[in-house]
Every structure is written in structure tokens, then in C-alpha cells.
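Heads up: the structure comes next, in C-alpha cells.
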Amino acid sequence: QEDVFILAIESSCDDTAAAVLQNDKVLSNVVANQLIHNQYGGVVPELASRAHQQNIVPVIDAALKNANISKEQLSAISFTQGPGLMGSLLVGSSFAKSLALALNIPLIAVNHMQAHVLAHFIDEAGYDKPTFPFIALTISGGHTQIIKVNSFFDMDIIGETTDDAVGEAFDKSAKILGLPYPGGPLVDKYAQLGNPKAFTFTKPKVPDLDFSFSGLKTAILYFIQKKTIENPNFIEENLNDICASIQHTIIEILMDKLQLAVAVTGIKQIAIGGGVSANSGIRKTLKEAEQKFGWKTYIPKFEYTTDNAAMIGIVGYQKFLLGKFETSDVVSKARILF
Ligand code: KG4
Ligand code: ZN
């Protein structure tokens, strides 16, 4: 069988990304982060769309160049159809459509959330691929879902957040502590030096496999306000312990729901994805769960967990094999299910 070369484009939020895959192997994976949003403490959609327009051509050129592949060698182009910010999605989809048309090759639409899950099927030395069925936990600044993955394109969302995503819980807690955006990685860094049992925060009571993180944020805010009235230096004197305790609470919330998901489905393979899976505490706890609960856990290579185009490429490759192509009137969707 002939090799399949896919150019993949991801532009759903604030990162402009392009990748080239040869079958299930990644030849190049380029991401242009938009640092402009940091000063606003969150993603500004209008600025994101404009930055995508500036970044998309150089990012795609770099992906092709790093892969040492010419446009004429491409078998198909895959792009993120949604979910995401409409103005951002449109930049990627318009580019993908015109390039596919110009090269007269198939166009493939990819669901960003499915891609986070299927990133585990990228062929990468030292990383096992899960076997179906498995449970996926996608945790990022925009999503928090527990998904029962039956096969490549048969997935059921069995739990999700009813308000904030896990990444937002990290970032908003960090903001309360006066840390810059995005604060998740900083909370992780300080947490490694602190005592996770120093302070306790009430965990939300949410039925079934769903999550809620907005109550936790409020609890942390009130706690910090009360403590800083007693001692204006409370945060600086206890930063490590506060971060460790916040992170510990978030991990407990995730682990409680994963245990429930395993109990409900009988599936003991757990695969995580999304930017928050970079968290050292989450990684450690999941590894320990292999011994403790007899689970098999899958943590992808870091560059495939945050928003990236390689994951859009692996889904593109699977869809290419199935002949799931689109015409150029395919529409971007800010919200889509599986
Ligand atoms: O997947 P991602 O790059 O973008 C989307 O939100 O889709 O995830 C970014 C999120 C941010 O909320 C960031 O604070 C969080 O992932 N994050 C972390 C860590 N690294 C990134 N949260 C906790 N610990 C980390 N080490
Ligand atoms: Zn994402």
C-alpha cells in the first residue's frame, strides 16, 4: 500500500498549528502560540482570529519544510471543523479548503475533541496505543470530559463539566494567588514544593460522572480573603502549601470520577489528553493507579496533549483510510458533539 501524506491544520482557539504525517507517523509538528492574550488574562477571540491570519502561512510553510515534503506530495488535507471559536476556525478551514481545491486532493474535517482522544494513536517510540474500548479523560483550559471510546469514530461522552474546565480551575485559582496567566503550570511548579494536606477545600457534590469547578474557585477565593485579613503576607508565606492543596483537591475530584467511570463501565484502560495532562501531580497519581487499582494508563507525549495539529493529522489519516471526505461547502461549527 502507498504511503499517505496528510497536512493537518488546527486553529480552534489561540494556537495556530500545522503538522505533516506519513501514515501514523509525525514528520513535523509546528505550533505558533499567541502570547498576545496573556496580558488580558484569557483568550480574546477577535485578536485570536487576526493572529491566525498572520501565522497560518508561515506555520504551514514551516510544517512542510520540516517534514521535507512538497505540496504536490500531499495525499489530503485535514483541518479542525470545531468545536472552537468561530473566527479562529474559519481561518483554518478557509485555508484548508482552498489548498485542497488548488491541489485537487481530498479535504477531511476533524472534530477537535475526538482528536484529543485519538492523539494516542500517533506512532511514537516509547508510547503504547490503547486498545478499544478505553476511557479518555480530556482536561484542558476549554474542556473537561470523560469519554467511553468504543472505536475510532464511536465515542460516548459519559461525563463533563457543568461550568468551568479543569484548566480554568487551575488558572482562576492562580489568579486569586496573584500569579500570571496561564497559571496552571505555576501552580504545578509550586505544588511540588508544598504539603498537599496543609489546607482543605470542600469538594463539590456533583452527580454521576459530571464535574463542577466554579464552587472550588469561590471556596479558594473566600479562604484567601479570610486568611489575608488575618495575615497580609499569608499568600507569600504559604504559596507552596496553598498550591499543593489546591492541586491535591483538583486531582482528588478527577480521580473520584475516574474510579466511578471504571466501576460503571468495567473498563480499566484510562487515556488522558489536553493541556492539563502536563500536570506532574496528575501524571504521578495516574501512574500510581496502575499498581493501586490495576488500571492501565496512557499519557501521551506532551506536544500531542496541548492543542496541536499532529492530532488533527492522525484523525485525518484514519478518515482517509475510510474515505471520509468533505466537499468545500463543509461548514465550521463552534459547537459540535461527536
Ligand atoms: O490544551 P491546552 O493547551 O489549551 C486548551 O485549553 O485547549 O490547555 C491549556 C490549559 C491551561 O488552562 C493551562 O493552565 C493548563 O492547561 N496547564 C496546566 C499545566 N500545564 C498547562 N495545568 C496544570 N498543570 C500544568 N502543568
Ligand atoms: Zn483542545
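Taking other C-beta atoms within 10 angstrom as a stand-in for reagent exposure, 98, 28 fall in the order 98, 28, fewest first. Using the Karplus relation 6.51 cos²θ - 1.76 cosθ + 1.60 with θ = phi - 60°, the per-residue 3J(HN,Hα) values for segment 199-206 come to 10, 10, 10, 5, 7, x, 9, 10 Hz, with x marking Gly and Pro.
Over every pair of different alpha-carbon atoms in segment 57-128, take the mean of 1/r and invert it; report that Kirkwood radius in Å.
Working: mean 1/r = 0.0729 Å⁻¹.
Every distinct Cα pair counted, the radius reaches 13.7 Å.
The ranking of 253, 157 by Cβ neighbour count inside 10 Å, starting from the fewest, reads 157, 253.
Among the listed pairs 148/189; 97/319; 227/257; 129/257, which have their C-alpha atoms separated by more than 25 angstrom in this model? From 148/189; 97/319; 227/257; 129/257, over 25 Å: 148/189; 227/257.
For the chain, the longest principal axis of the alpha carbon atoms and the long axis of helix 310-322 meet at an angle near 50°.
Please check which bits of segment 216-256 a label hung off residue 193 would reach, taking the label as a point 7 Å along Cα-to-C-beta and the cut-off as backbone N under 19 Å. Backbone N within reach: 233-248.
Its Cα gyration tensor gives segment 130-299 an equivalent ellipsoid, and the semi-axes of that ellipsoid, as √(5λ) in whole Å with the largest first, are 30, 15, 13.
Our estimate of slack between residue 104 and residue 47, defined as 0.36 nm per intervening residue step minus the Cα-Cα distance, is 17.3 nm.
Using +1 at the Cβ of each Lys and Arg and -1 at the Cβ of each Asp and Glu in segment 130-299, identify which of 294, 263, 170 lies farthest towards the dipole's positive end. With unit charges placed on the Cβ atoms, the residue in question is 294.
Expressed to the nearest 5 percent, the antiparallel share of DSSP beta bridges inside the chain is 60 percent. A crude spin-label estimate for the pair residue 335 and residue 125, with each label 7 Å from Cα along the Cβ direction, gives 4.6 nm.
Multiplying the sequence separation of residue 265 and residue 328 by 0.36 nm and subtracting their Cα-Cα distance, what value in nm do you get? Write out the running numbers ahead of the final one.
Values: separation 63, 0.36 × 63 = 22.68 nm, distance 3.92 nm.
Full extension of this stretch gives 18.8 nm more.
Arranged from fewest to most other beta-carbon atoms within 10 Å of their beta carbon, 71, 257 become 71, 257. Treating each Cα of segment 201-318 as one equal point scatterer and applying the Debye formula with no solvent, the log10 of I(q)/I(0) at q = 0.11, 0.22 Å⁻¹ comes out as -0.51, -1.26.
Just so you know, all these numbers are worked out from the coordinates, no wet-lab data involved. Since the model is a prediction, treat every value here as computed from it, not as a measurement. Note that we place each Cβ from the backbone using ideal geometry, even for glycine, and neighbour counts take in every protein chain shown.
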